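Visitor: To start, I am sharing the structure in question, which I have written as structure tokens.
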Amino acid sequence: MYLIIVYDTEHDNCVKLHKLLKKHLFWNQNSVFEGSVTRAQFARIKKLLNDIRAQNSHITFYSIESEKLLHREELGEARGNTSNIL
């Protein structure tokens, strides 16, 4: 499955979430990560995020069964490294 994770959290917690997600997904831009994962990996990522997230943080998961079904369009200069994703 192809996964996109977007989060909004306090500054101190942002670094923790960023480091965790960077181990599993590609950093797209500020607070946005994406990549292909298995269902088991997705469950593990959700558990890890729940364990380290700040109480007032908000995390959104977008998933799609196949990356081939995803249409991507961008404006402006990308911040993250997604060159090897699509």
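Visitor: Residues being loosely packed, with under 15 Cβ neighbours inside 10 Å, farther than 12 Å from V6 by Cβ and modelled with pLDDT of 95 or more: count how many of those fall in the stretch 40-62.
Guide: Residues that pass the stated criteria total 5.
Visitor: Continuing with the same structure: Restricting to the stretch 34-62, give me the number of residues that are closer than 17 Å to H18 by Cβ and part of a strand (DSSP E or B).
Guide: Number of matching residues: 6.
Visitor: Consider G76 against the criteria (1) surrounded by 11 or more Cβ atoms within 10 Å (Cβ to Cβ); (2) among the small types (G, A, S); (3) part of a loop (DSSP other than H, G, I, E, B): it satisfies all of them except one. Which criterion is unmet?
Guide: For G76, the exception is condition (1).
Visitor: Could you please let me know if Q29 is more than 13 Å from the chain's Cα centre (by Cα) and at pLDDT below 95? I'd like the intermediate steps shown before the answer.
Guide: On the way: more than 13 Å from the chain's Cα centre (by Cα): no; at pLDDT below 95: yes.
When the stated conditions are applied, Q29 does not pass them.
Visitor: Could you please give the count of residues in the stretch 63-73 that are in a helix (DSSP H, G or I) and either small (G, A, S) or modelled with pLDDT under 70 (or both)?
Guide: Residues flagged as in a helix (DSSP H, G or I) and either small (G, A, S) or modelled with pLDDT under 70 (or both) within the stretch 63-73 amount to 0.
Visitor: With (1) part of a helix (DSSP H, G or I); (2) surrounded by 13 or more Cβ atoms within 10 Å (Cβ to Cβ); (3) touching a residue at least 40 places away in the same chain (Cβ under 8 Å) as the list, and K16 as the residue in question, which single condition is left unmet?
Guide: The failed condition is (3).
Visitor: Would you check if there is a residue in the stretch 26-33 being surrounded by 10 or more Cβ atoms within 10 Å (Cβ to Cβ), in contact with a strand residue (DSSP E or B) (Cβ under 6 Å, 6 or more places away or on another chain) and either assigned to a loop (DSSP other than H, G, I, E, B) or not hydrophobic (A, V, I, L, M, F, W, C) (or both)?
Guide: yes
The values are calculated or read from the model by the stated rules, or taken from the named source; none is laboratory data. Source: prediction; values computed, not measured. In this analysis, Cβ positions are derived from the backbone assuming ideal geometry, glycine residues included, and neighbour counts consider all displayed protein chains.
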